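Visitor: The structure is given below, and queries will be raised subsequently.
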């Protein structure tokens with residue numbers, strides 16, 4: 001959900017909920033955020049953050065070979081910083097999680113292509129990142 005989009009600089013502040021019960025043992029897919037910088041801060045719950053590095057030369061269309069470089073359990077207060085092209089996945093460990101995400105505006109959020117990695121089959125494609133759906137913000141009473 002979209003909490004804020006800066007009218008001058010275009011960066012956005014998002015919230016994300018992963019519901020309880022989506023437990024994954026080993027991720028099958030990973031992604032990068034294209035050309036934008038992202039700060040992912042976990043507010044509630046625990047998630048595995050798994051990082052990857054691309055090891056092929058990128059010369060084959062629709063193909064990417066990656067290797068795991070890190071795998072850690074994130075807790076409330078932990079922040080994962082993703083630079084453009086950093087390959088990663090957040091893995092639900094069976095509990096509800098809530099995160100706040102700040103995305104840079106580089107080349108515009110709505111048109112920024114994310115890299116999508118099929119880890120089992122070494123497949124790769126690009127697609128638009130998350131749709132920015134405004135959250136209903138109510139004033140404090």
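Quick note: the coordinates plus some simple rules give every number you see, no bench work behind them. Note that the structure is predicted; figures quoted are calculated from it, not measured. Counting neighbours? That spans all protein chains shown, and the Cβs are built from the backbone with ideal geometry, glycine included.
Visitor: Under the Kirkwood approximation applied to all pairs of distinct alpha-carbon atoms, what is the hydrodynamic radius of the stretch 34-95 in Å?
Guide: Its Kirkwood hydrodynamic radius stands at 12.9 Å.
Visitor: Spin-label point model (7 Å from Cα, Cβ direction): what's the residue 116 to residue 11 distance in nm?
Guide: Spacing of the two 7 Å Cα→Cβ label points: 2.8 nm.
Visitor: Using a Förster distance of 35 Å, how high is the FRET efficiency between residue 96 and residue 69, based on the Cβ-Cβ distance and rounded to 0.05?
Guide: Between residue 96 and residue 69 the formula returns 0.80.
Visitor: Quick check: the distance between the Cα centres of the stretch 113-141 and the stretch 68-87, to the nearest angstrom?
Guide: One Cα centre to the other: 16 Å.
Visitor: What nm value, rounded to one decimal, do you get for the distance between residue 105 and residue 4 when each label is placed 7 Å out toward the C-beta?
Guide: 1.3
Visitor: Could you order the peptides 128-137, 37-46 from most to least packed, using the average number of other C-beta atoms within 10 Å per residue?
Guide: Averaged packing, sorted descending, gives the order 37-46, 128-137.
Visitor: Between residue 28 and residue 138, take the C-beta separation as r, use R0 = 41 Å, and let me know the FRET efficiency to the nearest 0.05.
Guide: 0.60
Visitor: Please compute the Kirkwood hydrodynamic radius of the chain from all pairs of different C-alpha atoms, in Å with one decimal.
Guide: Answer for the chain: a Kirkwood hydrodynamic radius of 16.0 Å.
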